[in-house]
Amino acid sequence: MDPKLYERYSRQILFTEIGEAGQRRLLESSAVLVGCGALGTALANLLVRAGLGKLRIVDRDFVEPSNLQRQTLFEESDARETLPKAVAAERRLRAINSGVAVEGIVADLGPKNAGELLRGFPLILDGTDNFETRFLLNDAAIHLDVPWIYAAVVASYGVTLTVRPGETACLACALESDAPSGRDVGSQAAGAGAPAGVEDTCDTAGVLGAAAGVIASIEAAEAIKLLLGNTESVGGRLVSFDVWSGRYQSVRVPRNPDCRACIRRDFRYLEGDAQPHLTMCGRDSVQIHERRRQLDLAELGRRLAPTVAEVRENGFLLRFRVPPYEMTVFADGRAIIKGTQDTSVARSLYARYIGA
Ligand SMILES: [Zn+2]
């Protein structure tokens, strides 16, 4: 190994489970991370510093001041410029380790683009904040036959589960089956648990950076083990940690012999049957999913300027206010409407200002 690389990773190489051969293997490995919030930033930071070869980051959102308390890759200037998280994370990570090929992609991962965004990577990492996308990742990982690591965090509590398709329980085994352990532990982090139900989220119950840090660290260690091909100790256990109570649990999750996803191969999330066109997004926002249309944001901004307030455009997104609402529109036609929980209000604002 090149002496400079050896020096850079020397403390990891000294760890006998990795060694020089393991580090070399890590430098040639890659992973795709979906979601770059509290978990995603902490996880990406650990993996890029550890020296994996390539990391793709897919995120649909932009940096806001309320993210800075826990999303460790972002700075005040990112929030001021409302940079997309994928863009801000890529910049920061390249500065941290220029030897890693970091690729930030601003996109809302859904059934239509999941194959294109995830294919070619030997590991999929969960940094998302919702179960709709997690079940989509689970379907996609089983379909592509690559491992993925589920992780979720809310308030002071988080869970993680490593899934190796065909070998260990998948997320549907854990959360859709009647196995009480899986559902109980999983649902604590999911609030009410059911993906379609009312959930505690970081926007309603808050979230501690410390909780995200612990879960992201467990996820990063699992990722490194998988990338090194060390699978004996990986997967099949739902690990949870509450940083406030100090409670730690590691529960073995059995495979469900009748699992919808990993046994019956019913990939309803991947096929789009479960994907709504509009979803709730946080406490008082509605997201209108992308429609595969390309918007000229600068032109749209000029057109809207006379009729709406506070138009801002930065090449990645366009934001403006129609009091009491605030709309953020992305180049792929996706929009987030803040200030309402009413999907019909969101739909009508979209039609009025962006077009049907
Ligand atoms: Zn399963």
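Per residue, the stretch 205-340 exposes 49 Å² of solvent-accessible protein surface, assessed with a 1.4 angstrom probe and all protein chains in place. Is the stretch 37-146 rounded, prolate or oblate when judged by the Cα gyration tensor, a ≥ b ≥ c being the square roots of its eigenvalues, rounded requiring a/c under 1.5 and prolate requiring a/b larger than b/c? It is oblate, given that a/c is not under 1.5 and a/b is not larger than b/c. Its alpha carbons considered, the stretch 232-356 gives a radius of gyration followed by a Dmax of 21.0, 62 Å. Ranked by the mean number of other Cβ atoms within 10 Å per residue, highest first, peptides 157-164, 237-244, 27-34 order as 157-164, 27-34, 237-244. Rounded, prolate or oblate for the stretch 24-66? Axes are the square roots of the Cα gyration tensor eigenvalues, ordered a ≥ b ≥ c, and the cut-off for rounded is a/c under 1.5. It is prolate, given that a/c is not under 1.5 and a/b is the larger ratio.
Using C-alpha pairs under 8 Å with a sequence gap of at least 6, the mean separation divided by the residue count of the chain gives a relative contact order of 14 percent.
Taking max minus min of the alpha-carbon positions on each principal axis, the stretch 1-49 gives extents of 34, 21, 17 Å, largest first.
In the stretch 1-99, the convex hull through the Cα atoms has an average projected area of 6.4 nm², a quarter of its surface area.
Carbon and sulfur: what percent of the chain's accessible surface (1.4 Å probe)? Mind showing how you got there, number by number?
On the way: 7670 of 15580 Å².
Roughly 49 percent, rounded to a whole number.
Rg ratio for the chain: its Cα radius of gyration over 2.2 N^0.38 Å, N being its residue count, equals 0.99. Roughly what % antiparallel, to the nearest 5, for the DSSP beta bridges in the chain? If I count the DSSP bridges inside the chain, around 70 percent turn out antiparallel. Distance distribution P(r), the stretch 212-267, all Cα-Cα pairs, bin width 5 angstrom from 0: 4, 15, 17, 19, 19, 16, 7, 2 percent. Scaled to the globular estimate 2.2 N^0.38 Å, the Cα spread of the stretch 56-100, given as radius of gyration, is 1.09.
Between the helical axis of 38-50 and the longest alpha-carbon principal axis of the chain there is an angle of about 50 degrees.
The values are calculated or read from the model by the stated rules, or taken from the named source; none is laboratory data. Only a predicted model underlies this, so the values are computations on that prediction, with no experimental measurement involved. Cβ: placed from backbone, ideal geometry, glycine included. Neighbour counts: every protein chain shown. Remember, those area values only see protein heavy atoms, side chains included, never the ligands or the DNA or RNA. Shrake-Rupley method; radii C 1.70, N 1.55, O 1.52, S 1.80 Å.
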